[in-house]
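Structure first, then comments.
Laboratory data are not the source of any read-out in this text; all were calculated from the coordinates shown. Worth saying up front: this structure is predicted, and the values here are computed from it rather than measured. Using ideal geometry, Cβ is built from the backbone for each residue, glycine included, and neighbour counts are taken over all protein chains shown.
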Amino acid sequence: MAELFEMTDPGAIAGYADVALEQSIDSAAGLTYAVPRQLADLAVGDRVLVPLGRGNKPVTGYVVRLRDSTQQTRIKAILSRDAQAVSLTPDLIELARWMAGYYCSPIGMVFASMLPAAVKHGTGEIMQTLVGLAEEKSAKCEVRSAKDESNPKSAIRHPKLSPLQRTVIATAQALAAQGQPWTPMRDLADEAGARTISPVKQLIEKGVLVTRHESAIRAASLLEEQAKQVPAPPPVTLNAGQKQAVERIAQSVGGGFSVHLIHGVTGSGKTEVYLRVIEHLLNGNGDAKPQAAEHIRNPKSEIRNPKFSPAAIILVPEISLTPQTVARFMLRFSSAGVAVLHSGLTASQRHDQWRRIRHGQARIIVGARSAIFAPVPDIHAGVIIVDEEHESSYKQDQLPRYHARDVAIKRAQLLNIPVLLGSATPSLESYYNAVPDAKPEAAANPKSEIRNPKFYYHHLPDRAPGLTLPTVQLVDLRDERRKRYQMTGSAGVHLLSLKLETELRRAIENGRQAILLLNRRGYANYIACPDHRCGWMMECDHCDATMVYHKDQSLPAGGMVRCHHCLSEQMLPVQCPTCGRRVTVFGLGTQRVEEEIARKIPQARLARMDSDTMRSARDYHTVLDHFRAGEIDVLIGTQMIAKGLDFPNVALVGVISGDTSLNMPDFRASERTFQLIAQVAGRAGRGGETGSALGLVIVQSFAPTDPAIVLASKHDYLGFAQREIALRRDVGLPPITRMARLVIRNEDHLKAMEEARKLADHLAQHNARLDNAVRLRGPMPCPISRIAGFHRLQIELIAPRAGLIQQLLTSLRNAGLVRSDAHTAVDVDPVSLL
Ligand code: ADP
Ligand code: ZN
């Protein structure tokens, strides 16, 4: 077992390594171990087994630093390399250390996010035979081929070889020259145009080719398969805005770290800009790349192609990972190898993709949030792209509570490469970094004196040729109620206004399609006693929230009620438990919209898309395929449908309730409302038509004069951003300031209060030592004061700079006074404040 080395016995030791443990103690620096001679080639990032504690229990960890000496006098040795020979890249190790510090997370939890379990367990692994040229023989062939440069293939004149065998050798040589000396047997035969593998086998017998065994995982993802069916779009000529953006970004490729915000309305061709920047990179521009910082360069390079190998990581929200998106990258960059990472992968597929990336076989990585941890070797020649950077799904709501956009920026900084953030509705954080004085003209020139922006700003104000921004009409639901009442004399519930109903009919009659958004699933969100003197309203037993009614005809009560926070369910009560009257349900939900349209426009073919109907990524793609094929007229859904969908036949987009997110107790409520309306409005008018067939967007609202709604309907992002940033400045909230939020949870209310108060006291004491640089608010109840039986209290930390919050949290953390665990959530840069 573990050997204990005395410092007087250095003979058996090749050096020392700091190892950060997976089941971490709260330290990112790691513990120092001796590196035994047989592991002399150990590198930063390698996963290893080390002895821990009195019992020398073997535990896993990662080498975070190699050192020549140590102050320690007695030291244990590393036991072995990890059985799967897994390693993270040095820049990922550096990133993990930064994340553990910045997001107040045990480093082990960060590693767990970085390395998929499937990789650790080696899921789906098989052994495969690779073939390569026997060095000596291939050298001889090289000499010969050099004589006849006009046709290298015919040059292999080994008398005893058949033409097919010669082709195989030439193919192997060509592959080797491209940096791929080893090829699976079958692939080599295919490449050489042989129908069977026998010529390859014959060459092995002759000793011209030699074999090597390597583990492999064979698994293609469904998304990739579907993407292969997508026809290639026609090539496009960049418009002036795109051209300028590509040129300016291209200049910085190879010039080290820089951040670019690409603010382009929906359909302005942002994706095309990303594609061109990557093309530029793959064409070898940016070759004069500066190296990544010394400490994160991998001395033991594992890339198959030791030459220049640029790479790109493209993050997209899970929901935008459609076959169409993937196809755009696969069609352009198949030769560089495209890997796709998303939640729908099986364990072996995930493992396979990870390996391909790790070994440099896939250099274009398209994926959702966690793809930011793609283990690309030597990506210091590359670019990172975050599409739809404003998306809140980039924030992970469990440990480590990281934001993939911010981690992307950090990783790019560590690698000294550019990072591109794209959005039609940039987060105010990014916008503020690019345009600090909220005047875009000044930002167009990053050298402007006004105030040094941190990001370059690229504006694409126009839609691609043939696409126009749709007209947005606001419908005042208060008027609508009155009108309906005058017409019918009854106050029955109508979720569709007369205007929306008319336009919906028109669209369907004209053979066009419609998308209807309602950001709330279920049927109705209030179940109450009809008698207001009684006032009973159904609430979750475990949460501070109302229950939502979901209709389901197969159930005896016709449906059930569910809490959207803790997911507990009950049957729909028939009677009010207090006074015995028959309960009524009211409020809105996607199910109810579907029902109303089915009743009013029976010929409409409907599909509903929300997390009740979409159980998997496959369901989602299936419905979208049917919609694309014109088999569905109206798509009804939650914010799931608001993103990135590109359907030319959509003539009408309806927002059932523009106010749903406006009344949330969260300072970003306006921003969310603006984003949602602006994004969903961008789904219309993508068919490139003119005149009356232009896309139409109808936004229904009880607050049609609210600035967020008015400005979104005018597609006026800049107006909104300037206004909102001014408001945030007045009250000292992000993005002007930075924030962290501590949530204290306990099933026992008193304990929660006690804990929260203790923590607040500690914070105040340590803050005093920092001259009270951080503004502390709370403890106070969270807006949702109880979830799943846990009482929730919060403390907010606000400061002009992130560094001050870091200092305060680190100070507490070092004193063992705060830590992220089951009772305390430390959320740095929170995006949700509920
Ligand atoms: P975004 O990512 O900004 O929503 P896309 O890059 O997806 O925009 O472009 C929207 C559509 O316009 C796509 O079908 C794309 O092929 C097309 N497109 C992009 N740029 C151009 C251009 N310069 N000329 C013609 N069509 C373009
Ligand atoms: Zn609940």
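For the peptides 570-577, 202-209, residues were scored by their other Cβ atoms within 10 Å and the scores averaged per peptide; the highest-first order is 202-209, 570-577.
Gain on full extension, evaluated as 0.36 nm per residue between ASP552 and GLU225 minus their Cα-Cα distance, stands at 114.2 nm. Expressed as a fraction of 2.2 N^0.38 Å, the C-alpha radius of gyration for region 729-827 is 1.05. As a calculated quantity, the FRET efficiency between THR502 and SER611 at R0 = 45 Å, using C-beta atoms, amounts to about 0.90.
If the chain linking ARG618 and ALA598 were pulled fully straight, counting 0.36 nm for each residue of separation and taking away their Cα-Cα distance, it would gain 4.7 nm. Pairs of alpha carbons in region 369-414 separated by more than 14 Å make up 48% of all such pairs.
The peptide list 792-800, 600-608, 556-564, put in order of mean Cβ contacts within 10 Å with the highest first, becomes 792-800, 556-564, 600-608.
For the pair HIS359 and GLN202, the difference between a 0.36 nm per residue extended length and the Cα-Cα distance amounts to 53.6 nm.
With the cut-off at 1.5 for a/c, could you classify region 535-582 from its C-alpha gyration tensor as rounded, prolate or oblate? Taking the square roots of the gyration eigenvalues as a ≥ b ≥ c, region 535-582 is oblate. Taken over region 479-582, the percentage of Cα pairs per 5 Å bin, counting from 0 up to the bin with the maximum distance, is 2, 11, 14, 15, 16, 16, 13, 9, 4, 1, 0.
Projected label points at ARG195 and ASP437, each 7 Å from Cα along the beta carbon direction, are separated by 7.4 nanometres. Helix 323-333 and the long axis of the chain differ in direction by around 30°, with both axes built from C-alpha atoms. Quick one: angle between helix 163-177 and the longest Cα principal axis of the chain, in degrees between 0 and 90, rounded to 10, please. Tilt relative to the chain: about 70 degrees. Peptides 161-170, 579-588, 775-784, ordered by how many other C-beta atoms sit within 10 Å of their residues on average, highest first, read 161-170, 775-784, 579-588. Distance between the modelled labels on ARG54 and ASP748, one decimal in nanometres: 3.0 nm (7 Å Cα→Cβ projection). Each helix, a run of at least 4 DSSP H residues, gives -39500 (n - 2.57); summed and divided by the residues of the chain, these come to -9500 deg cm²/dmol at 222 nm.
If R0 is 41 Å, the Cβ-Cβ spacing of ALA802 and LEU331 corresponds to a FRET efficiency of close to 0.55. Kirkwood radius, the chain, all distinct C-alpha pairs, inverse of mean reciprocal distance: 30.0 Å. The simple spin-label model puts a point 7 Å past each Cα toward its Cβ; for HIS626 and ASP397 those points are separated by 2.8 nm.
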